[in-house]
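Written out below as structure tokens is the structure these notes cover.
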Amino acid sequence: FFSEKLDDAKRKYSTYDKEFYAIVRCLEHWSHYLIAREFILHSDHEVLKYIQGQHKLNSRHAKWVEYLQSFHFIIKHKSGKLNTGADALSRRHLLLFQLDSCVLGFEHLKSLYATDEDFVELHSICQRHPKGDFLLQDGYLFKGTRLCIPRSGTRELLVREVHGGSLAGHFGESKTLTILREHYYWPGMEKDVQDVLRRCATCQMAKSHLLPQGLYTALPVPTQPWVDVSMDFILGLPRTQ
């Protein structure tokens, strides 16, 4: 999942330009996966199907079209009603974190708030008006931009996914908490993280108490030159004659 909040200048774009810009930014973000592949790009803005066939382009569109020509893809229209997952994500910045396919969504959480010990009172109040940082949106309870997770198996599932999912590296307690707190909220999160990490079989086998915690993970892909610089050193070679 990739999301971006528009700055003041881009908020003034026409709907067409905003949708066009969204395509460009998504391709930039996922370019390391897409650049050498043929793929289908689904958009809920039907006019964008014809962007690569236009002959009269302003400077902004010309620059974007030139970038799109680096990829091999076709655009197909898919209405928001048929693409509810992406549509929901775009309506709430940082709503969901990248999850494995075992997590189908958070729809079931809506029915849990009304009887949940941690959120029942806040849920009742927020049905009438926001309370502090808490508010209801589309049936979901948020604390600021963080999704509130009621007492359920979803809490442990999220901890396990952030800690040891396909994109994680069996991070330590501090980093796992930092990632979770960026996107989710529930009371007692720290204890839940400690419990899951304590039972993690991979961590028990792979980690030493004398070494920093964590498995090797891929570095983030830089977005432009000189953002990230790495150096390797070879030591212990014999002195040249």
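Numbers below:
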{"quantity": "Residue tally, condition in contact with a Ser or Thr (Cβ under 8 Å, 6 or more places away or on another chain) and of a type in the set (D, E, K, R), over the stretch 1-36", "calculated": "2"}
{"quantity": "Members of the stretch 4-18 found to be closer than 21 Å to residue 223 by Cα and either at pLDDT below 85 or acidic (Asp, Glu) (or both), listed by number", "calculated": "4, 5, 6, 7"}
{"quantity": "Tabulated pairs, the stretch 100-123, first at positive phi, second at pLDDT below 90, C-beta under 6 angstrom, 6+ apart or interchain", "calculated": "none"}
{"quantity": "Hits in the stretch 108-129 - residues which are touching a Leu at 6+ places or on another chain (Cβ under 8 Å) and not in a helix (DSSP H, G or I)", "calculated": "119, 127"}
{"quantity": "Pair list, Cβ < 9 Å and 6+ apart or interchain, from the stretch 150-179 residues that are β-branched (Val, Ile, Thr) to residues that are part of a loop (DSSP other than H, G, I, E, B) and at pLDDT 90 or above", "calculated": "154/112"}
{"quantity": "Top-ranked residue in the stretch 106-130 [being under 21 Å from residue 182 (Cα atoms) and exposed (fewer than 14 other Cβ atoms within 10 Å of the Cβ); ranked as nearest to the chain's Cα centre (by Cα)]", "calculated": "107"}
{"quantity": "The one condition in (1) crowded, with 16+ Cβ neighbours inside 10 Å; (2) assigned to a loop (DSSP other than H, G, I, E, B); (3) at pLDDT 90 or above that residue 151 fails to fulfil", "calculated": "(1)"}
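The values are calculated or read from the model by the stated rules, or taken from the named source; none is laboratory data. Everything numeric here is computed off the predicted structure, so don't read it as measured data. No Cβ is skipped: glycine too gets one built from the backbone with ideal geometry, and neighbour counts run over all protein chains shown.
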